[in-house]
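Taking it in order: structure first as structure tokens, then the write-up.
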Amino acid sequence: PTTGSRRYELYDVYGPTRDSIQQQGALFDEQVAPLLNSVFDGFNVAVLAYGQTGSGKTFTIVGETSEGTLSGLLPQSVEYLMHEMQARKRHQQVTISLT
């Protein structure tokens, strides 16, 4: 096997924080919401969480509570898309498929 260095380009890195609610909101507002806006322009979007076991991927994507205080990216995304669809329904016909 060959060994060598690899180079990865990262746009932003979000690390652990004491305020999970603020972190979840910032991550959604800064990274996911702009991607979701491109859905309405006809683009496909995928959001991935990558990291070692126990690093918080499921928490980031799904969240923690049913009250919505620590909603992950997935419930926030669905809520955002539904809100945007309602706001755009007079000017744009939208069909969204989630798989």
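The values are calculated or read from the model by the stated rules, or taken from the named source; none is laboratory data. Bear in mind the structure is a predicted one, so any value in this text is a computation, not a measurement. All Cβ positions, even for glycine, are placed from backbone atoms using ideal geometry, and neighbour counts span all protein chains on display. Only protein heavy atoms, including side chains, enter the accessible area calculation; ligands, DNA and RNA are left aside. Shrake-Rupley method; radii C 1.70, N 1.55, O 1.52, S 1.80 Å.
Residues checked against (1) touching a strand residue (DSSP E or B) at 6+ places or on another chain (Cβ under 8 Å); (2) within 21 Å of residue 27 (Cβ to Cβ):
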site: 48; (1), (2): no, yes
site: 57; (1), (2): no, yes
site: 61; (1), (2): no, yes
site: 75; (1), (2): yes, yes
site: 81; (1), (2): no, yes
site: 85; (1), (2): no, no
site: 91; (1), (2): no, no
site: 99; (1), (2): no, no
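Being in a loop (DSSP other than H, G, I, E, B) and in contact (Cβ under 8 Å) with a residue 12 or more places away in the chain is the filter here; which residues of region 30-45 pass it? Outline the logic, then answer.
Quick first cut of region 30-45, residues in a loop (DSSP other than H, G, I, E, B) only: 40-45.
Within region 30-45, 40 is the sole residue that qualifies.
Kindly provide the set of residues from region 1-29 that are of a type in the set (Ser, Thr, Tyr) and outside any loop (DSSP other than H, G, I, E, B), ordered by number.
Filtering region 1-29 for residues of a type in the set (Ser, Thr, Tyr) gives 2-3, 5, 8, 11, 14, 17, 20.
Of everything in region 1-29, just one residue is of a type in the set (Ser, Thr, Tyr) and outside any loop (DSSP other than H, G, I, E, B), namely 20.
Residue by residue through region 75-99, note down the ones that are open to solvent by 100 Å² or more (accessible area, probe 1.4 Å), part of a helix (DSSP H, G or I) and either in contact (Cβ under 8 Å) with a residue 12 or more places away in the chain or of a type in the set (Asp, Glu) (or both).
Step one: filter region 75-99 for residues open to solvent by 100 Å² or more (accessible area, probe 1.4 Å), giving 79, 83, 86, 89-91, 93, 95, 98-99.
Okay, now just the ones that are also part of a helix (DSSP H, G or I), so 79, 83, 86.
Matches in region 75-99: 79 only.
For region 12-24, state whether one or more residues are at pLDDT 85 or above, on the phi < 0 side of the Ramachandran plot and over 14 Å from the mean Cα position of the chain (by Cα). Walk me through it before giving the result.
First, the residues of region 12-24 that are at pLDDT 85 or above: none.
Within region 12-24 (the criterion being at pLDDT 85 or above, on the phi < 0 side of the Ramachandran plot and over 14 Å from the mean Cα position of the chain (by Cα)), the answer is no, since none of the residues qualifies.
Could you list, in sequence order, the residues of region 1-29 that are farther than 22 Å from residue 86 by Cα, surrounded by 10 or more Cβ atoms within 10 Å (Cβ to Cβ) and in contact (Cβ under 8 Å) with a residue 12 or more places away in the chain? Don't jump to the end; show me each part of the working.
Just the residues of region 1-29 that are farther than 22 Å from residue 86 by Cα, to begin with: 1-24, 26-27.
Applying the additional criterion that residues be surrounded by 10 or more Cβ atoms within 10 Å (Cβ to Cβ) yields 14, 17, 20-24, 26-27.
Hits for region 1-29 are 14, 20, 21, 24, 26, 27.
It is to be established whether one or more residues within region 57-72 are in a helix (DSSP H, G or I), under 9 Å from the mean Cα position of the chain (by Cα) and on the phi < 0 side of the Ramachandran plot.
Kept after step one, since they are in a helix (DSSP H, G or I), are these residues of region 57-72: 57-62.
This time we only want the ones that are under 9 Å from the mean Cα position of the chain (by Cα), so: 60-61.
Then keep just the ones that are on the phi < 0 side of the Ramachandran plot; that gives 60-61.
Yes.
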